[in-house]
Amino acid sequence: MTDTPPVRTTRPRQVRPATEGWSQKKDAEGRPLLQFASPKRGKPPVHLADMTPAERVAKVTELGLPGFRAKQIAAHYFSRYTSDPAAMTDLPAAGREELVGGLLPPLLTEVRRLQTDGGDTIKFLWKLHDGALVESVLMRYPGRITLCVSSQAGCGMNCPFCATGQAGLTRNMSAAEIVDQIVRANAVIAAGELGGKKSTDHSLERVSNIVFMGMGEPLANYARVMQAVRVMVAKQPEGLGMSARGITVSTVGLVPAITKLANEDIPVTFALSLHAPDDTLRDELIPVNSRWKVDEALDAARGYFERTGRRVSIEYALIKDMNDHGWRADLLAEKLNARGRGWVHVNPIPLNPTPGSIWTASDRDVQNEFVRRLNAAGIPTTLRDTRGKEIDGACGQLVATADDERAAAGA
Ligand code: SF4
């Protein structure tokens, strides 16, 4: 197995990754800075979704009420998507505000909502209690509704193509801040505000699929992301009652955390954002590759399959003349096949054409050839739908703009 292109008389054009209009922060050795630890900022208020069921009962008891009230409040939040004490008439009026305020403190303030013309995609900009901004994108597809959630405000992985990483990591989000993105999206769906469906009865609809592809590297915020996932899969009224298979946790390749995830008893779908099969390119494209190399990340991904039986997704954004060469498709197939058959599928992600940028879409015939080579090598491969890009909400592009900041200041 070789990580270099085959020798030929005319070498294919190779565009190297570089930032455009901003500079990557560097560490003492001059390499792109990686931030794993969250800066210390004021913690968000503790919320019912941060707690285990036993902790919720303890909290209610501490507030002087019988423990079963915890379940009632959870049912309002997870099934009826409300945090409004006035809507909770099954709770005693005396002390209700204090009780609900203690368990369901407000976490996300909606700053802005962008909707596609068809109305079937909504991007939300949320302000957290300390003013940090995060986004989520809600998308209706035939037969499912997917929410792309953020797990950190900003990101410490410093990928040169990514708007989110530019400002570094602001802070980890709490489990409840992650879950609240879903509850708020469910409320929007229940109110009939997500378009794209002829029926007017939205009351039974809710988010069915989660992808952790908004702001942040989820495995760098491991404990809180896992608590959020536990709440997503917990049966109602203790949680959202979602299927673990419908939850996709993606990473740029934090190997020890992938192994840890494989040993959890929650068979979520696992996605590795690879974007290059060779270390030479990936070191520049995904700075965390300087810590864990392509082969280590693929070994960990294979380990995830072995432990869970869940087929792994490899995400691969196709960038013109940077990572879309035929030999890279062949090398990727070779590396995946070297680890066995039937354990993986590849999702090449076509970028939007961006004239004048090095981060632009591969030509259509190049995309097709990339997919053809992988399929021919026996690797199931499908070009992914990149809905959401038209409102600047696709993975790796989620960042607060100056406009967003201004809107937040007035929210
Ligand atoms: S691409 Fe993902 S991991 Fe890289 S900086 Fe952006 S949000 Fe972080």
*Mean residue ellipticity (222 nm) of the chain, computed from DSSP H runs ≥ 4 via -39,500 (n - 2.57), nearest 500*: -9000 deg cm²/dmol
*Nonlocal amide H pairs with Met242, under 5 Å, H built at 1.01 Å*: Val233, Ala234
*So what's the net charge close to Ser357: Lys and Arg +1, Asp and Glu -1, counting the other residues with Cβ under 10 Å from its Cβ?*
0
*Looking at the stretch 231-305, which trypsin sites (Lys or Arg not before Pro) are DSSP coil and have at most 11 other C-beta atoms within 10 Å of their C-beta?*
Lys235
*Within the set of other residues whose C-beta is less than 13 Å from the C-beta of Asp321, count the net charge using Lys and Arg as +1 and Asp and Glu as -1.*
+3
*asked:* As I understand it, the value is the acute angle between the Cα axis of helix 175-190 and the longest principal axis of the Cα atoms of the chain; what does it come to in degrees, rounded to 10?
replied: 80
*Once both axes come from the Cα atoms, what is the angle between helix 69-80 and the longest principal axis of the chain, in degrees from 0 to 90, rounded to 10?*
50
*asked:* Rounded to the nearest 5, what % of DSSP beta bridges with both residues in the chain are antiparallel?
replied: 50
*Is the shape of the stretch 48-103 rounded, prolate or oblate, going by the alpha carbon gyration tensor and its root eigenvalues a ≥ b ≥ c, with a/c under 1.5 for rounded and a/b larger than b/c for prolate?*
oblate
*Among the lysines, select those whose C-alpha is under 17 Å from the C-alpha of Lys71, and discard any that sit fewer than 8 residues away in the same chain.*
Lys59, Lys235
*Would you mind computing Rg(Cα) / (2.2 N^0.38 Å) for the chain, counting N as its residues?*
1.02
*Contour minus end-to-end for Glu193 and Lys40, with contour as 0.36 nm per residue of separation and end-to-end as the Cα-Cα distance?*
51.4 nm
*Among Gly241, Ser174, Tyr222, whose Cα sits farthest toward the positive end of the charge dipole of the chain (+1 at Cβ of Lys/Arg, -1 at Cβ of Asp/Glu, about the Cα centre)?*
Gly241
*What's the angle, to the nearest 10 degrees (0 to 90), between helix 53-62's Cα axis and the longest principal axis of the chain?*
30
*Too-long pairs where the Cα-Cα distance tops 24 Å, listed order kept, from Lys26/Lys127; Lys26/Lys260; Lys293/Lys335; Lys40/Lys127; Lys123/Lys260*: Lys26/Lys127; Lys26/Lys260; Lys123/Lys260
*About its Cα centre, how strong a charge dipole does the chain have in debye, to the nearest 20, once Lys and Arg get +1 and Asp and Glu get -1 at the Cβ?*
540
*asked:* Just to confirm a number: summing +1 for Lys and Arg and -1 for Asp and Glu over residues other than Met226 whose beta-carbon lies under 15 angstrom from that of Met226, what do you get?
replied: -2
*Scan around Val312 for amide H atoms under 5 Å from its own, H built in the peptide plane at 1.01 Å from N, and keep only partners 5 or more places away or cross-chain.*
Val344, His345
*Would you mind calculating the gained length between Leu383 and Phe68 on full extension (0.36 nm times residue separation, minus the Cα-Cα distance), in nm to one decimal?*
108.5 nm
*Gaussian network model of the chain, Cα springs within a sub-10 Å range: biggest mean-square fluctuation belongs to which of Glu97, Glu177, Glu315?*
Glu97
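Since every read-out is calculated from the coordinates, none of them should be taken as a lab result. In this text, all values refer to a predicted model and were calculated from it rather than measured experimentally. In this analysis, Cβ positions are derived from the backbone assuming ideal geometry, glycine residues included, and neighbour counts consider all displayed protein chains.
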